[in-house]
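A.B. asks: Just passing along the structure, written as structure tokens.
The values are calculated or read from the model by the stated rules, or taken from the named source; none is laboratory data. From a predicted model like this one, the values you see are computed outputs, not experimental measurements. For neighbour counting, all protein chains shown are included, and Cβ atoms are generated from backbone atoms with ideal geometry for every residue, glycine included.
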């Protein structure tokens, strides 16, 4: 999933906590970029505003810190992804059941994918309904 530079710049300006450099957001792993791109795409479709996103992300981070997250930066996009999942469910974009089904499928795909190779979902990654 690609994000245009203008949309990424808007997100970075609206959400100053995003890890970034002079060229835009930076990511430690490919899944972080994908989570970022999904949030930017959903924002672009009007699913949520950046202030709404920022409030939800702040709540997620605060809860994680209360549960012991040391907030050293490595977990930022885990909070981002958790926020994305919660907003998608609360906005009825996808049900929690669908989100869990896809999360389990990604876990299955990751387990079968050799290190360093891109993870791709196949129909076999989804259990029969």
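A.B. asks: Residues of segment 117-129 being touching a residue at least 12 places away in the same chain (Cβ under 8 Å) and either under 25 Å from residue 47 (Cβ atoms) or exposed (fewer than 10 other Cβ atoms within 10 Å of the Cβ) (or both), which ones?
C.D. replies: 118, 119, 121, 126, 127
A.B. asks: Right, another one. Is there a residue being under 13 Å from the mean Cα position of the chain (by Cα), surrounded by fewer than 16 Cβ atoms within 10 Å (Cβ to Cβ) and either modelled with pLDDT of 85 or more or at positive phi (or both) anywhere in segment 108-116?
C.D. replies: The answer is no; no qualifying residue exists.
Residues checked against (1) in contact (Cβ under 8 Å) with a residue 60 or more places away in the chain; (2) within 17 Å of residue 93 (Cβ to Cβ); (3) surrounded by 12 or more Cβ atoms within 10 Å (Cβ to Cβ); (4) out of contact with any helix residue (DSSP H, G or I) (no Cβ under 6 Å at 6 or more places or on another chain):
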| residue | (1), (2), (3), (4) |
| --- | --- |
| 4 | no, no, no, yes |
| 9 | no, no, yes, yes |
| 18 | no, no, yes, no |
| 21 | no, no, no, yes |
| 24 | no, no, yes, no |
| 43 | no, yes, yes, yes |
| 68 | no, no, no, yes |
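A.B. asks: Which ones in segment 8-45 are in contact with a strand residue (DSSP E or B) (Cβ under 7 Å, 6 or more places away or on another chain) and closer than 27 Å to residue 115 by Cβ?
C.D. replies: The answer is 19, 26, 36.
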